[in-house]
Amino acid sequence: MNTDAHERARKLIALAGPETLSAADRPSDQRSSNAWLAAHLETCASCRAFAENAAQTIHGLRAIPIAAERSLVSTTQIRVRRRALELRRNRERLRLVSVSCTAVTLCALLSTVVLWRGFEWLGERAQLASSVWQVGFLVFCVMPALVAAILLLAKDRHLADHTGSYRG
Amino acid sequence: MSSMNATAFYFESSMAQESTEIARGLRRRDADLLDRLIEQYQHRLLRYLVYLTGRRELAEDLFQETWIRVLERGHQFNDKYAFSTWLFSVAHNLAIDHLRRKQPASLDGLLNDNDEDAPFDVPATGRASAFDLTVQREQSEHIAAGMQHLPAEYREALVLRFQEGMSLEEIASVARVPLGTVKSRIYRGLSALEPWLKGAQL
Ligand SMILES: [Zn+2]
């Protein structure tokens, strides 16, 4: 008997797993492998010994008991619950932010349209060229940001001057 | 024969239903469902992680991280597969990530080189005769010792095959390796444990 036959037999033994299909349910190639293995085992003592050892090893493996302690389980459950709460809060916060953003965008769009119409009406009443009231509209829209920027710059300058005078 | 098929069909359909319910609960991040799952899989998951890492303390840390990951990525669970297969693959990935942070990739680094650290303790339990119990206990002790000398990927394949009863395909999907690799790991792992069993019989 060649070594390939022994190795094939041992692989079949090792891989004969926990699936407990009846002989008729097995695929035909598996059935023929099993028949070949049975025939081999009848004539080969060393592979028979390997099969016995494999069965004992598997039995021994299953007999190694590893159990989780109660404290590990409860700590995990507490951590998971805490994280779930955190994730729920984050999701709610995100939802709130996205709702606010949508509302602000809608308001901005609506007020732009209303303001545009207002400036158009005023321009017509004052018999101004359309470019004039359009520039007025632009300045009106940009004005709050412009004022804020100027104030911030002035504040920085003021602070810089004061720090300089303290040092001087 | 037909009754066996009917039983198999019933078993498969109830498994599929269970997976669907778990998937639905995980998408909702249902904390009660997670509590139940942690209880249900506590020993199996810890045992897998202890075998995989060879270190009880690390296994316990990864146990907790696995469930946090299950909570965070529950929406990724595909109910076409068994929950246990997905759970073990989440645990496997966490163990790999942990190892990559410490040293270059692969599970090889998890080979136990510390003999004093014995995570696979074998307490005396069972209902067999005192003699059988002693023999069994000795065998298990020797096999447990042998396990600590095996590469982690062999230990993983052996625990998934012989303790979890997974199919070769399921093991391949947990360990993310080809089927042929799974087969060779099981064969080599079992063969490597043989001398340890013989030691037990001396
Ligand atoms: Zn042989």
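The values are calculated or read from the model by the stated rules, or taken from the named source; none is laboratory data. Quick caveat, the model's predicted, so the values are computed rather than measured. Note that we place each Cβ from the backbone using ideal geometry, even for glycine, and neighbour counts take in every protein chain shown. Accessible surface is based on the protein model in full, side chains and every heavy atom, while ligands, DNA and RNA are left aside. Shrake-Rupley method; radii C 1.70, N 1.55, O 1.52, S 1.80 Å.
Test A:Thr76 against the criterion of being hydroxyl-bearing (Ser, Thr, Tyr), at pLDDT below 90 and either out of contact with any strand residue (DSSP E or B) (no Cβ under 9 Å at 6 or more places or on another chain) or outside the structural domain of A:Asn34 (by TED's automatic domain parsing) (or both), and give yes or no.
Values: hydroxyl-bearing (Ser, Thr, Tyr): yes; at pLDDT below 90: no; either out of contact with any strand residue (DSSP E or B) (no Cβ under 9 Å at 6 or more places or on another chain) or outside the structural domain of A:Asn34 (by TED's automatic domain parsing) (or both): yes.
No; evaluated as a whole, the condition is false for this residue.
Scan A:Arg48, A:Arg79 and give me the residue that is within 12 Å of another protein chain (Cβ to nearest Cβ) and either in a helix (DSSP H, G or I) or within 16 Å of the ligand (Cβ to nearest atom) (or both). Don't jump to the end; show me each part of the working.
Numbers: A:Arg48 fails: within 12 Å of another protein chain (Cβ to nearest Cβ).
Going through A:Arg48, A:Arg79 in turn, just one is within 12 Å of another protein chain (Cβ to nearest Cβ) and either in a helix (DSSP H, G or I) or within 16 Å of the ligand (Cβ to nearest atom) (or both): A:Arg79.
Please state which one of B:Thr181, B:Thr134, B:Thr125 is at pLDDT below 90, part of a helix (DSSP H, G or I) and surrounded by fewer than 21 Cβ atoms within 10 Å (Cβ to Cβ).
Values: B:Thr181 fails: at pLDDT below 90; B:Thr125 fails: part of a helix (DSSP H, G or I).
Result: B:Thr134 is the single residue among B:Thr181, B:Thr134, B:Thr125 that is at pLDDT below 90, part of a helix (DSSP H, G or I) and surrounded by fewer than 21 Cβ atoms within 10 Å (Cβ to Cβ).
Could you please find all residues in segment B:14-63 being open to solvent by less than 10 Å² (accessible area, probe 1.4 Å) and at the interface with another protein chain (Cβ under 10 Å from one of its Cβ atoms)?
Those that are open to solvent by less than 10 Å² (accessible area, probe 1.4 Å) and at the interface with another protein chain (Cβ under 10 Å from one of its Cβ atoms): B:Leu34, B:Leu37, B:Ile38, B:Leu45, B:Leu46, B:Tyr48, B:Leu49, B:Val50, B:Tyr51, B:Ala59, B:Phe63.
Could you please find all residues in segment A:51-74 being within 7 Å of chain B (Cβ to nearest Cβ) and either in contact with a Pro (Cβ under 6 Å, 6 or more places away or on another chain) or in a helix (DSSP H, G or I) (or both)?
First pass over segment A:51-74, keeping only residues within 7 Å of chain B (Cβ to nearest Cβ): A:53-54, A:56-58, A:60-68, A:72-73.
A:Asn53, A:Ala54, A:Gln56, A:Thr57, A:Ile58, A:Gly60, A:Leu61, A:Arg62, A:Leu72, A:Val73, listed by residue number.
Is it fair to say B:Ile143 is modelled with pLDDT under 95 and either closer than 21 Å to A:Ala14 by Cα or in the same structural domain as B:Thr20 (by TED's automatic domain parsing) (or both)?
Working: modelled with pLDDT under 95: yes; either closer than 21 Å to A:Ala14 by Cα or in the same structural domain as B:Thr20 (by TED's automatic domain parsing) (or both): yes.
So B:Ile143 fits the description; yes.
In segment A:79-126, how many residues are among the hydroxyl-bearing types (Ser, Thr, Tyr) and outside the structural domain of A:Val142 (by TED's automatic domain parsing)? Lay out the reasoning, then the answer.
Here is the first cut: in segment A:79-126, the ones among the hydroxyl-bearing types (Ser, Thr, Tyr) are A:98, A:100, A:102, A:105, A:111-112.
Filter once more, so that each one left must be outside the structural domain of A:Val142 (by TED's automatic domain parsing): none.
Residues flagged as among the hydroxyl-bearing types (Ser, Thr, Tyr) and outside the structural domain of A:Val142 (by TED's automatic domain parsing) within segment A:79-126 amount to 0.
In segment A:3-29, what residues are modelled with pLDDT of 60 or more, of a type in the set (Gly, Ala, Ser) and away from the ligand (no atom under 16 Å from the Cβ)?
Restricting attention to segment A:3-29, the residues satisfying the condition of being modelled with pLDDT of 60 or more are A:3-16, A:27-29.
Pick out the ones that are also of a type in the set (Gly, Ala, Ser) and you get A:5, A:9, A:14, A:16, A:28.
Once the filter is applied, which keeps residues that are modelled with pLDDT of 60 or more, of a type in the set (Gly, Ala, Ser) and away from the ligand (no atom under 16 Å from the Cβ), segment A:3-29 yields only A:Ser28.
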